[in-house]
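Read through the structure below, which is laid out as structure tokens, and then see the notes.
The values are calculated or read from the model by the stated rules, or taken from the named source; none is laboratory data. Quantities reported herein were computed from a predicted structural model and do not represent experimental measurements. Don't worry about glycine lacking a Cβ; one is built from the backbone with ideal geometry, like all the others, and counts go over all protein chains shown. Ligands, DNA and RNA are stripped out before the accessible areas are found, and what is left, the full protein with its side chains, is counted by its heavy atoms. Shrake-Rupley method; radii C 1.70, N 1.55, O 1.52, S 1.80 Å.
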Amino acid sequence: MFSFPLQLQQLINLVLLLLIGFSVSSVYLSFYWIISIIILILVWEYLFLKIVYREHYFFPYSAVSTSLGVVLMMVSSTMWIYYFVIAGALLQKHLLRIDNRHIFNPSNFSLILGLLFFYNSTHIVLGQLGDEVWFAWLLVVLGFAILYRAKRWVIPLVFIVLYLLLQYYIVVLHDPVMIPETVYYRFYSVSFLLFIFFMLTDPLTTPDSVYGQTLFAFFVAFGATMLDYYYGFRVQHLFLSLFIATPLFRFFESWGVLTKKERLLMLPVIFLALGAIIIIEIQPPYHFEMEG
């Protein structure tokens, strides 16, 4: 297992979780629609690599992982939206780079792209993988196995502790209708754990040092909590906080090796990310239910 490339191990984990999800929960898209998304995204990625980089063909594990991450976090009744947001995320992965690493987490970028341009047709949900306890523990074990190899195991531990503390002292204690169980219930969601162990910890968009990872986890937890405090308890706040955290930390971590051109690139990227968050936040909250 540990002789596999890290990206392949990530892909195997996501495929396993998806297959189990079909058995124990209600994955929104059918198996055949998910396969169609993967095939089209692979064609897109191969064409881009061939035309732009003129590289030899190889299997892009990360492109499939990005597709599965989006499928398990996002729902939309319009299929072409899936193709659009995933293709857009892979495009920015190749074009928006500093210090030879991409700036945004591709799966998270897809989700924000969907909310930004198709807010009424695209929703982030944390219920597709259900709430089976054994399934949640399996995800945690698989997550830690890959995070140990990637040296990112600090991030989920710090995030979980800080998220619970910040939510309690900033949100729960200041909202008369909010109860602690509302926060705790999120941890029963297998998809919420998927966010923590597979999306929040992307090795290429998170700091390398333990100190940097601790600050990163604090920033995401604090950002999501403050958005909950001012705008209400909404799922999208986790993803919005991650969306602004990744370019900020990539910018400051790479400051010493960036060229003047790269530094100038980062400033509009950060402002555009903030602008996207503001546009999404002024939209009315939505309510989405899954049956089945």
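Numerical summary
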| item | result |
| --- | --- |
| Where a residue in the range 23-47 is closer than 19 Å to K93 by Cα and without any contact (Cβ under 8 Å) to a residue 40 or more places away in the chain and its partner, wherever it lies, is open to solvent by less than 70 Å² (accessible area, probe 1.4 Å) and aliphatic (A, V, I, L, M), with Cβ under 6 Å and at least six apart | I38/V64 |
| Test result for L157, out of contact with any strand residue (DSSP E or B) (no Cβ under 6 Å at 6 or more places or on another chain) and either under 30 Å from I20 (Cα atoms) or open to solvent by 20 Å² or more (accessible area, probe 1.4 Å) (or both) | yes |
| Residues of the range 177-208 that turn out to be open to solvent by 10 Å² or more (accessible area, probe 1.4 Å), of a type outside the set (S, T, Y) and over 23 Å from L8 (Cβ atoms), as a count | 7 |
| Criterion: among the basic types (K, R), touching a Lys or Arg at 6+ places or on another chain (Cβ under 8 Å) and over 26 Å from M79 (Cβ atoms) - qualifying residue of R186, R97, R101, R152 | R101 |
| Residue satisfying condition, being farther than 23 Å from Q283 by Cα, in a helix (DSSP H, G or I) and of a type in the set (V, I, T), within set V220, V172 | V172 |
| Qualifying positions in the range 62-86 - in a helix (DSSP H, G or I) and in contact (Cβ under 8 Å) with a residue 60 or more places away in the chain | G69, L72, M73 |
| Top-ranked residue in the range 78-103 [being of a type in the set (A, V, I, L, M, F, W, C) and open to solvent by less than 10 Å² (accessible area, probe 1.4 Å); ranked as farthest from S254 (Cα to Cα)] | I81 |
| Search result, residues across the range 208-236 that are within 16 Å of the chain's Cα centre (by Cα) and modelled with pLDDT under 90 | R234, V235 |
| The range 141-154, residues that are in contact with an Asp or Glu (Cβ under 9 Å, 6 or more places away or on another chain) and crowded, with 19+ Cβ neighbours inside 10 Å | R152 |
| Failed item, numbered, when V75 is tested on (1) of a type in the set (A, V, I, L, M); (2) touching a helix residue (DSSP H, G or I) at 6+ places or on another chain (Cβ under 8 Å); (3) surrounded by 19 or more Cβ atoms within 10 Å (Cβ to Cβ) | (2) |
| Test: G292 is modelled with pLDDT under 85, among the small types (G, A, S), exposed (fewer than 14 other Cβ atoms within 10 Å of the Cβ) and not in a helix (DSSP H, G or I) | yes |
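Condition check ((1) more than 21 Å from S189 (Cα to Cα); (2) in a loop (DSSP other than H, G, I, E, B); (3) open to solvent by 50 Å² or more (accessible area, probe 1.4 Å)) across all residues:
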residue: F4; (1), (2), (3): yes, yes, yes
residue: Q9; (1), (2), (3): yes, no, no
residue: N13; (1), (2), (3): no, no, no
residue: L17; (1), (2), (3): no, no, no
residue: S23; (1), (2), (3): no, no, yes
residue: L29; (1), (2), (3): no, yes, no
residue: W33; (1), (2), (3): yes, no, yes
residue: I39; (1), (2), (3): yes, no, yes
